[in-house]
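I have placed the structure first, in the form of structure tokens, so that the comments after it can refer back to it.
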Amino acid sequence: WPFESAIMPTKAVKMLCALIGARANDDINVSQSVTQGPPQKDRDGKLIDQLPLVRFAFYGANWTLRAKMIDGKFPNYSKVIPEHDDTIRFTVSADALRRFQPPRGFFAESRCIKIDAENGLMSQRDYDGMTVSIPVSGRGPAIGFNLRYLMDFARKFGETRLESKGPMEPARVITDDPALLLVLMPMKVAK
């Protein structure tokens, strides 16, 4: 990437992903244009510094996508990427996660799976108070994750390993692709 970091709108990212599709290994060229934005005034009518308009053009085999970047500084995302630490380490698969009640309804986004590798159990507490547990291999104290996110990772990447340095620390999601960096934030689990 020969340019400075930029924040790309979600709509443009989705469109770029759709254009790339199954041709993920085709060459894609990128160009950047920076122009001065229109003059802006503050509440008192004084001219304020103009933010530059940054636009990128992505060129594929038979397509072009032009997108205006979002104004502002790119966040320092590296601050939330955990260093390699496998105090907690376990592996999940799509087959194992399918045994749990699928997340749906009003609370679907907050369904938590408790992974207690020390005791070899991965558990889900139902809304009725019933707990379903299946075996899991790994090590470390209990940690919780959103079931939907775990299912998405396992469905897309097959057997997936997660590593974290503590129960309330972000986890690195490790797949077969060494260049892919994924982070999953934990959820608080009931004791």
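A 1.4 Å probe over all protein chains sorts Ile115, Ile70, Ile20 by accessible area into Ile70, Ile20, Ile115, starting with the largest. Between Gln32 and Lys156, the contour length at 0.36 nm per residue exceeds the Cα-Cα span by 41.4 nm.
Annotation: extensible slack from Thr10 through Ala96 equals 27.8 nm (criterion: 0.36 nm per residue apart, minus Cα-Cα distance). Considering the stretch 82-191, its Cα convex hull presents a mean projected area of 6.5 nm². The calculated FRET efficiency for the pair Ala61 and Asp126, based on their C-beta separation and a Förster distance of 30 Å, comes to about 0.05.
With the whole protein complex present, Thr91 retains an accessible surface near 50 Å², based on a 1.4 Å probe. For the stretch 120-159, the fraction of alpha-carbon pairs lying more than 12 Å apart is 69 percent, rounded to a whole number. Residue pairs exceeding 31 angstrom between C-alpha atoms, taken from Lys79/Lys156; Lys14/Lys79; Lys68/Lys188: Lys68/Lys188. For the set Met187, Met168, solvent exposure ranked by accessible area (probe 1.4 Å, protein chains only) runs largest to smallest as Met168, Met187.
The values are calculated or read from the model by the stated rules, or taken from the named source; none is laboratory data. This is a predicted model, so every value here is computed, not measured. Heads up, the Cβs are rebuilt from the backbone with ideal geometry, glycines too, and the neighbour counts pull from every protein chain shown. Note: areas computed on protein heavy atoms with side chains; ligands, DNA, RNA excluded. Shrake-Rupley method; radii C 1.70, N 1.55, O 1.52, S 1.80 Å.
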